[in-house]
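Here's the structure, in structure tokens; my notes come after.
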Amino acid sequence: MRLTMVGTGYVGLVTGVCLANTGNDVICLDVDQAKIDKLERDICPIYEPGLTDLMIKNRQAGRLTYTTDKKMAYQNADMIFICVGTPSDDKGHSDLSYVDGAADDIGHAIKELGPGQNPKIIVVKSTVPVGTTFRVRDRIRAIVGDIPFHVADNPEFLKEGDAINDFNKPDRVVVGVESDEVGEVFRDLYDPFVRNGHPIFVMDVLSAEMVKYSANNFLATKISFINEMANLCEAYGADINNVREGMCSDSRIGHAFLHPGLGYGGSCFPKDTLACIMMGDKSGVTMQVSNAVHGTNERQRNLFFNKILKHFGGEMGLQGKKLAFWGLAFKPRTDDIRKAPALTLVRKALGYGVACSGFDPVAAENVGMEMGDTITLHDDMYECARGADALVISTDWAEFKSPDFDKLASVMNAKVIFDGRNLYRRQHLGDMGFHYYSVGRAPVVPS
């Protein structure tokens, strides 16, 4: 099948590469010539394990092409996937200008080809407010008149850091269509990926659009819930790790996304939770749970930073200190720093006159571009901690889980750790003489 991906961001590139890997001819279209030039040199613009190897394999096989030429990308495509960004403001309102622009470009391409062509299938892959796929349909229809085409919605469910595995072995594939004919095309396209027995759900367009929001909103709810329980544990002297194990052993609950920490970040959960709140406001449906989830997540970082303030005796005690941050991406195995808890904490510390240093295995370059010289970045985790009055762990990268604590203590000004990911055993840190603060557990204060 001949496929075009509009946009070579996270969704478009992963989708295009994985579909090329099953034998489809894929064109990845982007307006950024510099990005296309890098892709043609097999330089991946994002950090995603396994993606670069698949890019090289499929480009060399002739199944994967990169271009800025819209006419070339659209004219022979059987299916066109809109994978452009839909940034949102702090109220959850999505900017659909990129989606609208793609729809208009596609409409003009179809019109130029004229009648007699096989109807193209225009697929909205970006996460968009419910009703956007029909908005795309109406914009294209206004341009092409009676020339036939189809629209569909096909939400993505990719976890950053494990996206290749998620695409190749999906829990489910969700497709929203207006006809059974188009539904069968999707069944053929995704058949190689669901031979593990997992389903393809073909449904109406509006429901497909809502599935992605509902799923992400629920996962965000689980994260905020366990953090709220962690805060209650701290208040009463219980241990959230014990509580979590006892609670999650119930088969009705399970363990997934019930890990206490600094709250969710990234490009999906914050945006999609706010989008549900916004859609509720527009339709007169009060989203009480979603509002509480968002509020709990925002408070979680403040509560954690208050531990730092309290340890140093308040604002005056914190001024002039140095904090070292291990982990700057919003989660491990990605260089994505959007809504990263670490950056929230760094900005708060800077506001109190704190010197900040940081280490992250892959995200440091992105942090440098966003924060400039306000934070000192290191390529060694122990050099990052040198001279620090406290270490703050914000992301649970594997290399942070069993550090050399003797070496760490030797380079720090004081043996103080604020662990936002509960990586260490309290007793072990106490035996080594560390002040140790975590989430949902009593602090360790050496005698």
Next on the checklist: If TYR66 meets every condition in (1) over 26 Å from the mean Cα position of the chain (by Cα); (2) within 15 Å of THR4 (Cβ to Cβ) apart from one, which number is that one?
Outcome noted: (1)
Checklist outcome for this item: Within segment 387-413, the residues that are surrounded by 16 or more Cβ atoms within 10 Å (Cβ to Cβ) and of a type in the set (D, E, K, R) are ASP389, ASP396
Next on the checklist: When you check PHE167 against the structure, is it within 17 Å of the chain's Cα centre (by Cα), in contact (Cβ under 8 Å) with a residue 40 or more places away in the chain, surrounded by fewer than 19 Cβ atoms within 10 Å (Cβ to Cβ) and within 17 Å of VAL14 (Cα to Cα), yes or no?
Outcome noted: no
Next on the checklist: Pairs please, first residue from segment 218-233 and more than 22 Å from ALA442 (Cα to Cα), second anywhere and surrounded by fewer than 21 Cβ atoms within 10 Å (Cβ to Cβ), Cβ atoms under 6 Å, 6+ apart in sequence or on different chains.
Outcome noted: LEU219/PHE257; LYS222/PHE257; LYS222/LEU258
Checklist outcome for this item: Subset of segment 318-352, residues over 20 Å from ASP396 (Cβ atoms) and not in a helix (DSSP H, G or I), comes to GLN319, GLY320, LYS321, LYS322, TYR352
Checklist entry - Can you find a residue in segment 332-352 that is in contact with a helix residue (DSSP H, G or I) (Cβ under 7 Å, 6 or more places away or on another chain), among the acidic types (Asp, Glu) and farther than 21 Å from TYR424 by Cβ? => result yes
Next on the checklist: Considering only segment 179-191, I want to know if a residue exists there that is of a type in the set (Lys, Arg), surrounded by 12 or more Cβ atoms within 10 Å (Cβ to Cβ), modelled with pLDDT of 95 or more and part of a helix (DSSP H, G or I).
Outcome noted: yes
Checklist entry - From the set of residues in segment 191-243 that are among the β-branched types (Val, Ile, Thr) and within 20 Å of ASP419 (Cα to Cα), which is farthest from the chain's Cα centre (by Cα)? => result VAL243
Item to check | Candidate set from segment 251-285 (those that are assigned to a loop (DSSP other than H, G, I, E, B) and hydroxyl-bearing (Ser, Thr, Tyr)); member that is nearest to ILE226 (Cα to Cα) | outcome: TYR264
Item to check | From the options GLY295, GLY327, GLY313, residue that is over 23 Å from SER94 (Cα atoms), among the small types (Gly, Ala, Ser), out of contact with any Gly (no Cβ under 6 Å at 6 or more places or on another chain) and exposed (fewer than 15 other Cβ atoms within 10 Å of the Cβ) | outcome: GLY313
Checklist outcome for this item: Given the conditions (1) in contact (Cβ under 8 Å) with a residue 60 or more places away in the chain; (2) within 23 Å of the chain's Cα centre (by Cα), every one holds for ALA77 apart from (2)
Checklist entry - How many residues are over 26 Å from VAL362 (Cβ atoms) and in a helix (DSSP H, G or I) when one looks only at segment 391-437? => result 9
Checklist entry - Restricting the first residue to segment 41-54 and requiring it to be closer than 12 Å to ILE164 by Cα, which pairs with a second residue that is not in a loop (DSSP other than H, G, I, E, B) meet a Cβ separation below 6 Å and a spacing of at least six or different chains? => result GLU48/ALA163; GLY50/ILE164; LEU54/VAL17
Next on the checklist: Condition first: among the aliphatic types (A, V, I, L, M), under 30 Å from ASP53 (Cα atoms) and in a helix (DSSP H, G or I). Can you find one or more residues in segment 92-105 that meet it?
Outcome noted: yes
Checklist outcome for this item: Listed by first then second residue, the pairs whose first member lies in segment 407-429 and is outside the structural domain of ARG244 (by TED's automatic domain parsing), whose partner is among the aliphatic types (A, V, I, L, M) and surrounded by fewer than 13 Cβ atoms within 10 Å (Cβ to Cβ), with beta carbons under 9 Å and at least 6 positions apart or on separate chains, are none
Next on the checklist: Out of the residues in segment 89-117 meeting the condition of being surrounded by 13 or more Cβ atoms within 10 Å (Cβ to Cβ) and either polar (S, T, N, Q) or in the same structural domain as GLY295 (by TED's automatic domain parsing) (or both), tell me which one is nearest to PRO270 (Cα to Cα).
Outcome noted: SER94
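The values are calculated or read from the model by the stated rules, or taken from the named source; none is laboratory data. From a predicted model like this one, the values you see are computed outputs, not experimental measurements. In this analysis, Cβ positions are derived from the backbone assuming ideal geometry, glycine residues included, and neighbour counts consider all displayed protein chains.
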